[in-house]
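Colleague: Got a structure for you, questions after.
The values are calculated or read from the model by the stated rules, or taken from the named source; none is laboratory data. Owing to the predicted nature of the structure, the values given are computational and were not obtained by experimental measurement. Every residue, glycine as well, gets a Cβ built from its backbone with ideal geometry; the counts of neighbours run over all protein chains shown. Please note that ligands, DNA and RNA were not included when accessible areas were found on the heavy atoms of the full protein model with its side chains. Shrake-Rupley method; radii C 1.70, N 1.55, O 1.52, S 1.80 Å.
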Amino acid sequence: MNQKEFLILENLSYSYTDRIKVLKDINLRIREKELIGIIGPNGSGKTTLLKCVAGVLKNYEGSIKIYGKEINTFRRKEIAKIITFVSQNFSPAFDFTVKELIHMGRIPYHTFFQNSSIGDQEIVEAAILAMDLNGFENRRFNNLSEGEKRRVVFAKALAQDTTILLLDEPFAHLDINYSYETAKLIRMRVREFEKTIIGVFHNINMASLFCDRIIVMNNGKIIAEGDPEKVYREEIINEAFKTNCTIISHPRIKKPQVLIDWK
Ligand code: ADP
């Protein structure tokens, strides 16, 4: 892959309290249009890493540079034009319609004097179309199914029109078919819209299908990284998750999948 490296993490460490580092010397170089999956056991620092990159946690040690500029020096509105953070439990404070919510993706582009433009309308329409939400525009978000909600949240993220999307467990709480169908749709749109994704995945088999590159975290450190074929090895998965597992290649898709041994 010869895309430009544009997001560079060097010796990144983070502590919530004085004593314990939950991220320890993370080094990572991310290229444009990569689909990156972070996997690792609970408490290994995955969400903390996403929050540092999102500019939510600013008092980190080391460096996170995007297009050469340190992330904790950006103003909120500036960063919102480059990075969208899609958290796991999005629940709006008011009973918004689908269209109103997707429009909120455009807020970083508005000034005090100018709210919505024709350009915004077109971008919102494109996001609705991309996520198969035609006919849902006037439905209340709170009345949708979990799968429909995921598509709306992702349409809002597309409308925000940033280079990077950070996804915190994007397909959690969906049934097996819906989670894979939603993942396939999102992967297709991410490629089309040429986005870079950094996502935290609990479902490691999904991560193998969705991502170009996998980062395995354990105890605040990166213990392995590379394409799924390189990283999905029994010794690596067993070390990170304390499992006994068998790795197979998916017979049709030819991507590694993890089976947990049951003795
Ligand atoms: P993961 O996403 O891999 O489950 P997290 O990044 O959420 O891991 O958490 C890493 C560690 O940081 C855990 O030990 C967790 O308890 C701790 N932690 C997370 N958020 C906070 C917080 N707001 N204050 C103090 N400790 C936290």
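Colleague: Once you've got the GNM for the chain with C-alpha springs shorter than 10 Å, pick whichever of Asn134, Asn177, Asn11 has the biggest mean-square fluctuation.
Modeller: Between Asn134, Asn177, Asn11, it is Asn177 that shows the largest mean-square fluctuation.
Colleague: Ignoring ligands, DNA and RNA, what percent of the accessible area of the stretch 97-225 is carbon or sulfur (1.4 Å)? Show your work: numbers first, answer last.
Modeller: Numbers: 2900 of 5580 Å².
With neighbouring chains kept in place, the figure for the stretch 97-225 is 52 percent.
Colleague: Which chymotrypsin sites (Phe, Trp or Tyr not before Pro) from the stretch 101-141 combine a DSSP loop assignment with at most 15 other Cβ atoms within 10 Å?
Modeller: Answer by residue number: Phe112, Phe113.
Colleague: Based on the alpha carbon coordinates of the chain, what radius of gyration and maximum Cα-Cα distance (Dmax) apply, in Å?
Modeller: Gyration radius and largest Cα-Cα distance of the chain: 18.8, 66 Å.
Colleague: At 37 °C and a viscosity of 0.692 mPa s, what translational diffusion coefficient does Stokes-Einstein give for the stretch 43-173, taking Rh as the Kirkwood radius over Cα pairs? Give it in µm²/s as a whole number.
Modeller: 208 µm²/s
Colleague: Sticking with this structure for a sec: To the nearest 20 debye, what is the magnitude of the charge dipole of the stretch 15-173 about its Cα centre, counting +1 on the Cβ of each Lys and Arg and -1 on the Cβ of each Asp and Glu?
Modeller: Rounded to the nearest 20 debye, it is 520 debye.
Colleague: Between Ser249 and Ile107, with labels modelled 7 Å along Cα→Cβ, what's the label distance in nm to one decimal, could you check?
Modeller: Between Ser249 and Ile107, the label points sit 4.8 nm apart.
Colleague: Using helices alone, I'd like the mean residue ellipticity at 222 nm for the chain: each DSSP H run of four-plus residues gives -39500 (n - 2.57), total over residue count, nearest 500.
Modeller: -9000 deg cm²/dmol
Colleague: Let me ask something else. How large are Rg and Dmax for the stretch 3-84 when only the alpha carbon atoms are used, in Å?
Modeller: 12.6, 39
Colleague: What figure, in Å² to the nearest 10, do you get for the accessible area of Lys254 with a 1.4 Å probe and non-protein molecules left out?
Modeller: The value for Lys254 is about 130 Å².
Colleague: Further question on the same structure: Working from the pairwise distances between different alpha carbons, so that the mean of 1/r is found and then inverted, what is the stretch 125-226's Kirkwood radius in Å?
Modeller: 14.6 Å
Colleague: Residue by residue through the stretch 193-203, which ³J(HN,Hα) values in whole Hz follow from phi under the Karplus form 6.51 cos²θ - 1.76 cosθ + 1.60 (θ = phi - 60°), with glycine and proline marked x?
Modeller: Coupling constants for the stretch 193-203: 8, 6, 8, 9, 10, 10, x, 8, 10, 7, 7 Hz.
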